[in-house]
């Protein structure tokens, strides 16, 4: 993976330095296209709510197992009831499972058990707090670790993501849907943004450019993270409960489920977007994706014909070209 990343970065330099016309127009780093390069077999396990430790390159959500993406080693967590929903505090070397179990990222051993329970967990690096999302939101101080608060909410809470600067965004699915903005320091809801689509599901965040990517049925809606206004919409087939964004490549990954493959959207500018690539491999039947933002690899869950579970590994590969159509862009 290191070799792939080095080649990718070298390609960026060539593209930017050999295209003076593009430079004059304010060129963006052009990523190369993705392809399935490998798979990691886990076995017959129940799965849900995936996460990655992008420091140790470990994948979570495959039942009570942790998968090393580099070595393909599959090892059990000490908590054998783990079924998914992980908050990964890579900086602290700890993880939190939705059943309240805090565990060591290196050994998989249980550190403590907390009185919290939910569906999914999001870690906020700024405050070093994890948010366990259910009908309400339980807050865990990961430095102690200890449960410290509950944030009351309303509605059917869905995907959530932190912007890295003190804000947690949570999708509320409904007719219509909306997004909650939560101050992770004050532990209070400070904004409610309307989504111009029914039953939104997935969410990813571009923190530096203040953009929320909300996955809705057959399209992606981009909101301004500060005032909630709709910035753009992009047609993407299917519905994605778990999106992924790579801020370095400015790529958003939208797996659409059975028959819809994977749609990759490029952030040309914070207000303009285009469909960069569509993959229609028959193995791409999942609606969830995991992004390693340090290696730029992505992982897509795959259930095989014999019910065994595996992660499909996708990596960027050179296409030999230096231009890209923006015909998919919508304002």
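Among the candidates 228, 238, which residue alone is assigned to a loop (DSSP other than H, G, I, E, B), out of contact with any helix residue (DSSP H, G or I) (no Cβ under 8 Å at 6 or more places or on another chain), buried (at least 16 other Cβ atoms within 10 Å of the Cβ) and modelled with pLDDT of 95 or more? Outline the logic, then answer.
Values: 238 fails: modelled with pLDDT of 95 or more.
Of the residues listed, the single one that is assigned to a loop (DSSP other than H, G, I, E, B), out of contact with any helix residue (DSSP H, G or I) (no Cβ under 8 Å at 6 or more places or on another chain), buried (at least 16 other Cβ atoms within 10 Å of the Cβ) and modelled with pLDDT of 95 or more is 228.
For the structure I just gave you, tell me whether residue 87 is touching a residue at least 40 places away in the same chain (Cβ under 8 Å), crowded, with 20+ Cβ neighbours inside 10 Å and under 23 Å from residue 180 (Cα atoms). If you could, list the steps in order and put the result at the bottom.
Working: touching a residue at least 40 places away in the same chain (Cβ under 8 Å): yes; crowded, with 20+ Cβ neighbours inside 10 Å: yes; under 23 Å from residue 180 (Cα atoms): yes.
When the stated conditions are applied, residue 87 passes them.
Test residue 201 against the stated conditions and say whether it is in contact with a strand residue (DSSP E or B) (Cβ under 6 Å, 6 or more places away or on another chain) and touching a residue at least 60 places away in the same chain (Cβ under 8 Å). So that I can check it myself, show each step before the final result.
Working: in contact with a strand residue (DSSP E or B) (Cβ under 6 Å, 6 or more places away or on another chain): yes; touching a residue at least 60 places away in the same chain (Cβ under 8 Å): no.
So residue 201 fails the test.
Give 174, 158 a once-over and let me know the one that is crowded, with 22+ Cβ neighbours inside 10 Å, touching a strand residue (DSSP E or B) at 6+ places or on another chain (Cβ under 9 Å), within 25 Å of residue 260 (Cβ to Cβ) and at pLDDT below 95. I'd like the intermediate steps shown before the answer.
Numbers: 174 fails: crowded, with 22+ Cβ neighbours inside 10 Å.
Just one listed residue meets the conditions, 158.
So that you can scan it fast, the table gives a plain yes or no per residue for (1) in contact (Cβ under 8 Å) with a residue 40 or more places away in the chain; (2) buried (at least 19 other Cβ atoms within 10 Å of the Cβ); (3) outside any strand (DSSP E or B):
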position	(1), (2), (3)
56	yes, no, yes
67	yes, yes, no
70	yes, no, yes
103	no, yes, no
108	yes, no, yes
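Test of understanding: among 151, 190, which residue is over 24 Å from residue 314 (Cα atoms) and in contact (Cβ under 8 Å) with a residue 24 or more places away in the chain?
Working: 190 fails: in contact (Cβ under 8 Å) with a residue 24 or more places away in the chain.
Just a single option satisfies the conditions, and that option is 151.
Do you know which residues across the stretch 244-285 are in a loop (DSSP other than H, G, I, E, B), in contact with a strand residue (DSSP E or B) (Cβ under 8 Å, 6 or more places away or on another chain) and touching a residue at least 24 places away in the same chain (Cβ under 8 Å)?
Here is the first cut: in the stretch 244-285, the ones in a loop (DSSP other than H, G, I, E, B) are 247-250, 258-260, 270-271, 280-285.
Filter once more, so that each one left must be in contact with a strand residue (DSSP E or B) (Cβ under 8 Å, 6 or more places away or on another chain): 247, 249-250, 270-271, 280-281, 283-285.
Passing the criteria: 247, 249, 250, 270, 271, 281, 283, 284, 285.
Here's a check for you: in the stretch 182-208, which residue that is more than 23 Å from residue 141 (Cα to Cα) and surrounded by fewer than 16 Cβ atoms within 10 Å (Cβ to Cβ) is nearest to the chain's Cα centre (by Cα)?
It comes out as 208.
Of the residues 213, 245, which is within 30 Å of residue 307 (Cα to Cα) and buried (at least 22 other Cβ atoms within 10 Å of the Cβ)? First the steps, then the outcome.
Values: 213 fails: within 30 Å of residue 307 (Cα to Cα).
Testing whether each residue is within 30 Å of residue 307 (Cα to Cα) and buried (at least 22 other Cβ atoms within 10 Å of the Cβ) leaves just 245.
The values are calculated or read from the model by the stated rules, or taken from the named source; none is laboratory data. It should be emphasised that the depicted structure is a prediction, and the values quoted were computed from it without experimental measurement. FYI the Cβ positions are ideal-geometry reconstructions off the backbone, even for glycines, and counts take in every protein chain you see.
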